[in-house]
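Written out below as C-alpha cells is the structure these notes cover.
What follows is calculated from the coordinates using simple rules that are stated; it is not laboratory data. Fair warning: this is a prediction, and the values are worked out from it, not measured in the lab. Positions of Cβ are backbone-derived with ideal geometry, glycine not excepted, and every protein chain shown enters the neighbour counts.
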Amino acid sequence: MAKVRFAPSPTGYLHIGGARTALFNWMYAKSVGASFVLRIEDTDQQRSKKEFELEILDSMKWLGMEWDELYYQSQRFSLYREYAKKLLDEGKAYQENGAVLLKTIAQEIKLYDLIRGEIVFDTSNFVVRDEKGENLSGKDGTLLLKDEVLIKADGSPAYNFCCVIDDFLMEITCVIRGEDHISNTPKQILIYQALGIKPPKFAHLPLIMDEEGGRLSKRTGAVAVSDYRKQGFLPEAIMNYLMLLGWSPGGDQEMISMASAIKKFSIKKINKAAAAFSMDKLKWLNNQYIRQADTNRLVDLMVPFLKEKKYIQENFDRQAIKNSVDLFKGRMDTFLDFLDRADFAFIDDFKRDAEAVAKHLSVKRTKEFSVLAERFGRTEPFDVSSTEKAFRDVVAELKLEASDLVHPVRVALTGRAVGPSLFETIALLGKEKTVERLKKAFA
C-alpha cells in the first residue's frame, strides 16, 4: 500500500512552508488512497519543546489534515542503534571518537524526481575540507571523502540515518519534501545502499519566496500557522491558498473545494519553479470564504475574539453578534478586520477616525441631530425601512439634502465616514444607542 509522511521537527512552530509540505503529502495520500504518516522528528532533545509539538499537532488538526499513524523519533533510538550495529558488524561503518560513520563510496547516483525529473549526484564531490576550505587528500593522493555520520558521539542518531531507517520501517513509498532537502538525498541513498534496501520515490517541492523573489520572512508571510489562526483566517482559505503555491487545478480556477482538488491532484503536475507568496492574495481568498461561510459558524469562531477584546461578556447576546457579522460579512478579510470595523456595535468607547470627525462633525448640527434623535425615539418598528423613512422625513422637513446628514450621522454613530448601509447600521445599533449617540455628538 502507498504511504507518505510529513516529518516536522518540534524545534519551532509549524510555519507556512511546512504546512504546504504537509498539504501536498496529505493530498497525494487522499488522491491515491495512501496512508498519511505524521512523524515527529524530536531527536534534538535540547531544542525540541513540548509547546512546539502541541502547536504542530493542533495546527494540523485545525487545517483538517488528520493522520493515519503518529510516531516520535525520540522513542525509536534503540532501532537506530540496532541498524548502526548491523552496519558496523558488516564492516560498512566504523567508530571514531564515539561516533558511528558510514564509509562513503565514490560513485554517480542517478535519481528520478517525480517533480524535477532526473537528478545526478557525484559522491566524489563529498570531500573533506580543512579550516581554509581546501580539499584534503589521503596518503595515496586521492581526495578524502566525507563519511556520513550515523550515530553522533553523544549517542543520538543523525538526521539522514533516522530518515532512512524510519522511511524503511514505516514502509514509506514516496518522500515528498522541500527542495532544500535535495542535498540530503544522495547521502540517504548511500545509507539505503549500505543496508541493501530499496529507496522510496522522491519528489522535491519548490521553495516559497516573497513577491520580489527573496526569502520568505515574517514580514512577508513566513509566520506560524497558529498566527494566521489568531489573525482570523479560515482553515479552508489557508489550505486553498497553500495548494496554489506550486500547483494549479487548471482553468485559472483559484477557489476550489478540497474534494475537487484531490480529484484533480497529481504530484507530477507541481511546478519546479519557486512559488511566490502574496499576503494580498491570501486575504482575498479568505474574504471569499468568509462571504460564503455560514453565519452561525462565523459567530462561533468570532466569540473568542470578541471576548479577548472584552467586547462581550459571558452572557452575550448571540443574535446581536449574528446581526453584526451579517452586516460586515462581505467587508472583512480577516476576523481582526471585524474587530476593528465593528467595534462601535459592541462598545461605546469605540475608535474614532480623527480625519472623519474633523471633516464631518466640525460644523455643529445640534438642531438637526436633536430632531433626528427625537424622531428615532418614537420610530416603531426600529428596522431598516422605518429608520430610513424617519431619516428622510426629517431631511425633507429641515429642507436639507440627505447627503448633508448621512456622513455626519455615520461618524457620530460609528466613528468612521465609510461603512455598511447607514440604515442597516442604525438598525444594528438599536434605538437606545442611536438616540444616545446622536444626543451626545455635539454635547
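Quick look at the numbers
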{"read-out": "Amide H contacts of D113 (H built 1.01 Å from N, under 5 Å, at least 5 apart or other chain)", "value": "E118, I119"}
{"read-out": "The chain, dipole about Cα centre (Lys/Arg Cβ +1, Asp/Glu Cβ -1), debye to the nearest 20", "value": "700"}
{"read-out": "Karplus (6.51, -1.76, 1.60) ³J(HN,Hα), θ = phi - 60°, over the stretch 363-378, in Hz, Gly and Pro reported as x", "value": "8, 6, 10, 4, 5, 4, 5, 5, 4, 4, 4, 5, 5, 5, x, 10"}
{"read-out": "Residue-wise HN-Hα coupling along the stretch 241-253, computed from phi with Karplus coefficients 6.51, -1.76, 1.60 (Hz; x: Gly, Pro)", "value": "5, 4, 5, 7, 7, x, 9, 9, x, x, x, 6, 6"}
{"read-out": "Within the stretch 188-257: Cβ-based charge dipole about Cα centre, in debye rounded to nearest 20 (Lys, Arg +1; Asp, Glu -1)", "value": "440"}
{"read-out": "For the stretch 76-205: rounded, prolate or oblate by the Cα gyration tensor [a/c cutoff 1.5]", "value": "oblate"}
{"read-out": "Degrees between helix 295-308 axis and first principal axis of the chain (Cα, 0 to 90, nearest 10)", "value": "90"}
{"read-out": "Using alpha-carbon coordinates, inclination of helix 384-397 to the longest axis of the chain, degrees", "value": "40"}
{"read-out": "Between 0 and 90°, nearest 10: helix 16-32 axis offset from the chain longest Cα axis", "value": "80"}
{"read-out": "Square roots of five times the Cα gyration tensor eigenvalues for the stretch 293-339, Å", "value": "16, 12, 9"}
{"read-out": "Residues whose placed amide H lies under 5 Å from that of K3, excluding near-sequence neighbours", "value": "S35, T173, C174"}
{"read-out": "Candidate lysines for bridging to K110, where Cα separation is under 22 Å - those fewer than 8 sequence places away on the same chain excluded", "value": "K92, K146, K187, K198, K201, K268, K269, K272"}
{"read-out": "Relative contact order [Cα under 8 Å, 6+ residues apart], the chain, whole percent", "value": "13"}
{"read-out": "Computed Rg/Rh of the stretch 76-126, alpha carbon atoms with Kirkwood Rh", "value": "1.13"}
{"read-out": "Matching label, Cα extents along the principal axes in Å computed from the structure shown, candidates (1) 59, 51, 35; (2) 60, 46, 44; (3) 105, 45, 40", "value": "(3)"}
{"read-out": "Three-way shape label, the stretch 202-270, alpha-carbon gyration tensor, a/c 1.5", "value": "oblate"}
{"read-out": "Calculated from backbone phi, Karplus (6.51, -1.76, 1.60) coupling profile of the stretch 425-432 in Hz, x at Gly/Pro", "value": "5, 4, 5, 5, 5, x, 4, 4"}
{"read-out": "Spatially proximal lysines relative to K351 (Cα-Cα < 19 Å; intrachain offsets below 8 disregarded)", "value": "K307, K309, K310, K359, K433, K439, K440"}
{"read-out": "Contact order normalised by residue count of the stretch 76-205, Cα under 8 Å, 6+ apart, percent", "value": "27"}
{"read-out": "Shape of the stretch 48-117, Cα gyration tensor, a/c cut at 1.5", "value": "oblate"}
{"read-out": "Theoretical ellipticity at 222 nm over the chain - DSSP helices of four or more residues, -39500 (n - 2.57) apiece, nearest 500", "value": "-13500 deg cm²/dmol"}
{"read-out": "Angstrom value of the Kirkwood radius, inverse mean 1/r, which spans all Cα pairs in the stretch 178-296", "value": "16.6"}
{"read-out": "Per-peptide average of other Cβ atoms within 10 Å, ordering 405-414, 81-90 highest first", "value": "405-414, 81-90"}
